[in-house]
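Comments concern the structure below.
Quick note: the coordinates plus some simple rules give every number you see, no bench work behind them. Just so you know, these numbers come straight off a predicted model, no measurement behind them. Every residue, glycine among them, receives a Cβ derived from its backbone with ideal geometry; neighbour counts consider all protein chains shown.
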């Protein structure tokens with residue numbers, strides 16, 4: 001049996017590892033994830049440009065203070081963002097002037113129009129009119145400048161010194177540190193959430209991807225009748241197990257490569273070198289990488305077994321969609337519950353959900369990145385998953401043994417139950 005099983009595993013493994021698609025995906029996935037995480041923040045820190053904004057100050061007294069405040073806010077920006085405010089005379093009819101300035105904006109004479117109502121700062125709200133209201137850095141500067149000027153005007157009216165109030169009400173930041181098992185403190189400003197999200201998404205995508213590989217592999221062999229030749233020398237159960245383990249070994253190979261890459265990019269200062277506000281990714285502990293691989297292997301074996309059974313029961317992927325959707329739904333539940341786990345990783349519901357075998361690969365691993373999970377819970381999750389894998393393998397093997405040679409009919413759920421009883 002071992003010789004036949006190893007032959008199937010070797011065939012499935014080499015057939016996929018030797019393809020260009022495998023190596024392309026192995027290289028591109030971490031590059032893609034890194035780009036999704038790093039590039040938006042990188043571009044945000046370098047968002048700049050030159051903007052000319054027409055200011056229609058109907059109060060007649062806020063243009064210069066707002067202009068000074070814009071200059072103050074941009075003084076430490078290294079000239080990445082340049083904002084020029086151009087005062088406009090309201091004229092006898094401010095409404096007509098406002099419409100004229102909108103036309104000027106459309107002609108590209110200005111990038112936008114800032115309208116300060118005459119009732120400010122007591123009533124009303126300033127307006128910014130522009131074709132592009134997604135220039136967040138520009139909008140933030142304008143909004144903060146106007147707000148600071150209005151607050152200072154109110155304070156002055158109340159007999160208070162705006163500078164003194166600003167100094168007294170200066171914000172105090174919060175330094176957050178993650179407490180380790182040995183009492184060590186590690187600075188964490190949201191990097192743990194980023195790490196947890198990326199790891200969970202990798203497990204989700206790869207388990208789903210390779211589970212569907214198993215299903216499609218079975219469907220292809222079944223539709224081409226190759227399986228009828230194979231089962232003459234290999235038992236259906238050995239074929240199913242070999243296919244699952246072979247494709248799982250392909251996924252494990254990718255995971256090992258990705259683990260090495262993740263260990264490398266988590267080195268101190270790696271992200272700081274990119275210049276994202278001095279932010280650094282936390283070092284990835286060896287224990288976390290170990291369980292990263294463990295939960296992938298267990299998750300793949302569980303879902304790969306289910307997908308193999310679906311592939312054996314049907315003739316085409318279209319016919320298998322309904323049952324495939326049920327299995328995929330179990331993979332989607334952890335994504336929905338992520339917010340709950342992140343907020344209360346040690347809560348009763350979080351613990352219970354993370355011990356349900358279908359959810360364990362993602363939710364238990366997510367908890368590990370957020371808190372110190374007791375060893376007894378880790379051991380229990382592994383034992384429960386192994387038990388679930390053995391049980392599902394026993395059930396699916398019976399379906400596989402009958403369904404792998406069935407053609408021409410679309411089985412219903414009661415047919416699958418009958419196959420299990422009769423096998």
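Some notes on this structure:
- Taking 0.36 nm per residue of separation and subtracting the Cα-Cα distance, full extension of the segment from residue 286 to residue 328 would add 12.1 nm.
- Modelled spin-label separation between residue 84 and residue 372, with each label point placed 7 Å from Cα along the Cα-to-Cβ direction: 6.0 nm.
- Per-pair calculated FRET efficiency, R0 = 30 Å: residue 339 and residue 129 via Cβ, rounded to 0.05: 0.25
- Distance between modelled label sites at residue 64 and residue 412, nm, 7 Å Cα→Cβ extension: 8.6
- Straightening the chain between residue 386 and residue 96 buys 96.9 nm, computed as 0.36 nm per residue apart minus the Cα-Cα spacing.
- When peptides 323-334, 151-162 are sorted by average Cβ neighbour count within 10 Å, with the highest value leading, the order is 323-334, 151-162.
- At R0 = 35 Å, FRET efficiency that the Cβ-Cβ distance of residue 2 and residue 209 yields, to 0.05: 0.80
- Per residue Cα convex hull volume in Å³ - calculated over the range 49-164: 97
- Segment residue 170..residue 14, full-extension length gain: 49.9 nm, with 0.36 nm per residue of separation and the alpha-carbon distance subtracted.
- Most to least packed among 17-26, 204-213, 299-308 [average Cβ atoms within 10 Å]: 299-308, 204-213, 17-26
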